[in-house]
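What follows is a single structure, written as structure tokens, with notes after it.
The values are calculated or read from the model by the stated rules, or taken from the named source; none is laboratory data. Keep in mind that this is a model prediction, so the values were computed, not measured. Here Cβ is always computed from backbone atoms with ideal geometry, including for glycine, and neighbour counts include all displayed protein chains.
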Amino acid sequence: MLLEDKVAVITGGAGENGLGFATARLMASLGARVALLDLERAEPAKAAAQLGAGHMGLVADVTDKASCEAAAQQVLRQYGRIDALVNNAGITQPVKTLEITGADYDRILDVSLRGTLYMSQAVLPAMQARQSGSIVCISSVSAQRGGGIFGGPHYSAAKAGVLGLARAMAREFGGQNIRVNCITPGLIETDITKGKLTPDRKQEIADTIPLARLGSAKDVAGACVFLASELSGYCTGITLDVNGGMLIH
């Protein structure tokens, strides 16, 4: 199988309808052993149990460096290696520029941007030791187009920061056969969007997308598998758009 004997860590992975869990499910079906990381209230161990035997769920806060390092060490003790990291954890807030407080700014950037740095730092030594690894960072189309439907300007800034951070890490670690790439999802139907768009509004948005539909979590999961596997062995520092053509350049 494509990911046979590989170990993948996925942050923000316990939400049953989220991108992280969809990615975990697909990776597990392709032979990977998956470690789902999430906050305690998300019940990551319960989510991991749904994947079947051989997977694990760990409570971890990506905004806390010690928590990230502890989680990485638990994965290494259990599996002995980390082949792929999907930096999926992120939060959003639909406010305008003049409404953003300092606390809002810190909260949004801490999860998406600081969390991406801290979790990457936690797994990189193990990848360096093996001279192999793939880090996939989830950004957003809002980083490219300047705002989205659900995220405020600070969310766009955080996700744009993820793009820059990933490219810098790709340059730094490429010589050690560690690849770092980004995915920029468009409007994906997850719990974040659930109940917030009327059927008519969904149709209006779909009419502006060349593939004529909103995305699903499975669409992003497939892209994560591609970037985590050897199918993308000569790809690093790239931004992979998964938006149905919403942002054709």
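At-a-glance table
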read-out	value
Matching option when the condition is acidic (Asp, Glu) and at pLDDT 95 or above, among 40, 16	40
Pairs, first of a type in the set (Ser, Thr, Tyr) in segment 108-128, second in a helix (DSSP H, G or I), C-beta under 7 Å, six or more apart	112/158; 112/159; 112/162; 116/162; 116/165; 118/65; 118/68; 120/169
Hey, residue 126 in a helix (DSSP H, G or I), over 30 Å from residue 31 (Cβ atoms) and either of a type in the set (D, E, K, R) or modelled with pLDDT of 95 or more (or both) or not	no
Yes/no for residue 135 being among the aliphatic types (A, V, I, L, M), out of contact with any Cys (no Cβ under 8 Å at 6 or more places or on another chain) and outside any helix (DSSP H, G or I)	yes
Matching residues in segment 93-121 - criterion: being aliphatic (A, V, I, L, M), over 23 Å from residue 232 (Cα atoms) and either part of a loop (DSSP other than H, G, I, E, B) or under 17 Å from the mean Cα position of the chain (by Cα) (or both)	95, 100, 108, 109, 111, 113
Checking residue 103 against (1) out of contact with any helix residue (DSSP H, G or I) (no Cβ under 6 Å at 6 or more places or on another chain); (2) crowded, with 24+ Cβ neighbours inside 10 Å; (3) of a type in the set (A, V, I, L, M), the condition it does not meet	(2)
Test: residue in segment 68-75 that is of a type in the set (Asp, Glu) and either in contact (Cβ under 8 Å) with a residue 60 or more places away in the chain or outside any helix (DSSP H, G or I) (or both)	no
One residue from 192, 209, 205, 248 being modelled with pLDDT under 95, out of contact with any helix residue (DSSP H, G or I) (no Cβ under 7 Å at 6 or more places or on another chain) and closer than 28 Å to residue 102 by Cα	192
Lone qualifier among 151, 133, 90, 186 - being in contact (Cβ under 8 Å) with a residue 60 or more places away in the chain, under 26 Å from residue 24 (Cβ atoms) and in contact with a Lys or Arg (Cβ under 9 Å, 6 or more places away or on another chain)	90
Tabulated pairs, segment 1-30, first surrounded by 22 or more Cβ atoms within 10 Å (Cβ to Cβ), second at pLDDT below 95 and not in a loop (DSSP other than H, G, I, E, B), C-beta under 9 angstrom, 6+ apart or interchain	19/188
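For every residue, the table says whether it meets (1) out of contact with any Gly (no Cβ under 8 Å at 6 or more places or on another chain); (2) surrounded by 15 or more Cβ atoms within 10 Å (Cβ to Cβ).
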{"position": "37", "(1), (2)": "no, yes"}
{"position": "55", "(1), (2)": "yes, yes"}
{"position": "77", "(1), (2)": "yes, no"}
{"position": "83", "(1), (2)": "no, yes"}
{"position": "126", "(1), (2)": "no, yes"}
